[in-house]
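Here the structure is laid out as structure tokens; the discussion comes afterwards.
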Amino acid sequence: MKLSERLNTICQSIPPGSRLADIGSDHALLPTCAVLEGRVVSAIAGEVNRGPYEAASKQVSEAGLQGKIEVRLGDGLAAIEAGEADVVTIAGMGGALIVRILTEGRAKLAGVQRLILQPNVGEDLVRRWLLEEGWLLTGETILEEDGKIYEVLTGDRSPSAETENARLYADTTVGEPPVRLDREQLIDFGPFLVREASPVFRGKWIGEIDKLEWVAESMGRSDSSDARGKKEALERRIESLKEVLACLPKDKPLSN
């Protein structure tokens, strides 16, 4: 069974021997592959809607894995009970929705040692939640697949999370010539990703600059003071992003 690069990246982040809960499982591809590979000993595939629930149930049945994967209907972490899983994966949703699911289901995370989260947008919201909730960000991967860019974030429970997070998000310098990044910028970029500064990472932020410049140009056509204020704020953000990217390895020029 072959997973997409995105799902395979998530799968490879699951510690062997884990009990998995995949929230928003969508056909149960991830838990099915994780069981078939012997990576997990059991899995729960949670779905909030009947259609995906039935598709996941069919996938599990056809793979003959009913004894190891349980498909459940439930909204977010309501699909599991505390202590049933060591690892929770949530992928393919917006960052705000992932944060809502984690916040509303906080009590269900008792016993969970690892969160593997793949927001489609709003990655900074997920990093901030992990930080504020005392989870240690232990890994970040950025990849491009079928013209889309994805980030996979791994958060672990750690007795030294507070100390290690303080070090991870402490003001630092990156690039050449060096540019200084503060905590908010590290939450925005990703502390691991900005230090690695891969071509995909750079491409993501060049695209973000292009979008912000288009929005700023559109606002510039308005005479309202509110639009002018928003345009100035966007322009400051654009310049800040360009300053950082200008110091990172260059694969293609920044837009003018």
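The values are calculated or read from the model by the stated rules, or taken from the named source; none is laboratory data. It should be emphasised that the depicted structure is a prediction, and the values quoted were computed from it without experimental measurement. Quick reminder, even Gly has a Cβ in these numbers, built from the backbone with ideal geometry, and neighbours come from all protein chains shown. What goes into the accessible areas is simple: the full protein's heavy atoms, side chains included, and nothing from ligands, DNA or RNA. Shrake-Rupley method; radii C 1.70, N 1.55, O 1.52, S 1.80 Å.
Selection of the stretch 28-43 for residues being under 23 Å from the mean Cα position of the chain (by Cα) and at positive phi yields only Ala28.
Give the stretch 170-186 a look and list any residue that's touching a residue at least 24 places away in the same chain (Cβ under 8 Å), open to solvent by 10 Å² or more (accessible area, probe 1.4 Å) and out of contact with any Cys (no Cβ under 9 Å at 6 or more places or on another chain), or say none. Once the filter is applied, which keeps residues that are touching a residue at least 24 places away in the same chain (Cβ under 8 Å), open to solvent by 10 Å² or more (accessible area, probe 1.4 Å) and out of contact with any Cys (no Cβ under 9 Å at 6 or more places or on another chain), the stretch 170-186 yields only Gln185. Annotation: of all residues in the stretch 132-169 being open to solvent by less than 30 Å² (accessible area, probe 1.4 Å) and part of a helix (DSSP H, G or I), the one that is nearest to Phe189 (Cα to Cα) is Leu168.
Among residues of the stretch 5-24 being open to solvent by less than 50 Å² (accessible area, probe 1.4 Å), under 16 Å from the mean Cα position of the chain (by Cα) and among the polar types (S, T, N, Q), the one that is farthest from Ile149 (Cα to Cα) is Ser13. Would you confirm whether or not the stretch 224-235 contains a residue that is surrounded by 15 or more Cβ atoms within 10 Å (Cβ to Cβ) and of a type in the set (Lys, Arg)? Among the residues of the stretch 224-235, at least one is surrounded by 15 or more Cβ atoms within 10 Å (Cβ to Cβ) and of a type in the set (Lys, Arg), which makes the answer yes. Checking every residue in the stretch 187-205 against the condition of being more than 30 Å from Val87 (Cα to Cα), open to solvent by 10 Å² or more (accessible area, probe 1.4 Å) and in a loop (DSSP other than H, G, I, E, B) gives zero matches.
Those residues that are of a type outside the set (S, T, N, Q), modelled with pLDDT under 50 and either open to solvent by 100 Å² or more (accessible area, probe 1.4 Å) or farther than 15 Å from Lys211 by Cβ (or both), I need them from the stretch 242-256; list them, please. Working first, answer last.
Our first condition is that a residue be of a type outside the set (S, T, N, Q); within the stretch 242-256, this holds for 242-254.
Within this subset, residues satisfying the condition of being modelled with pLDDT under 50 are 252-254.
Passing the criteria: Lys252, Pro253.
The condition (being in contact (Cβ under 8 Å) with a residue 60 or more places away in the chain and either farther than 19 Å from Arg6 by Cα or touching a Phe, Trp or Tyr at 6+ places or on another chain (Cβ under 9 Å) (or both)) is satisfied by just one residue among Leu143, Leu212, Leu125: Leu143. Within the stretch 190-225, the only residue that satisfies the criterion of being among the aromatic types (Phe, Trp, Tyr) and over 17 Å from the mean Cα position of the chain (by Cα) is Trp214. Taken over the stretch 44-60, the criterion of being surrounded by fewer than 23 Cβ atoms within 10 Å (Cβ to Cβ) and under 21 Å from the mean Cα position of the chain (by Cα) is satisfied by Val48 alone.
The residues on offer are Val99, Val41, Val88, and the sole one that is open to solvent by 20 Å² or more (accessible area, probe 1.4 Å) and assigned to a strand (DSSP E or B) is Val41.
Among the residues of the stretch 55-93, the ones that are touching a residue at least 60 places away in the same chain (Cβ under 8 Å) and in contact with a strand residue (DSSP E or B) (Cβ under 6 Å, 6 or more places away or on another chain) come to 7 in all.
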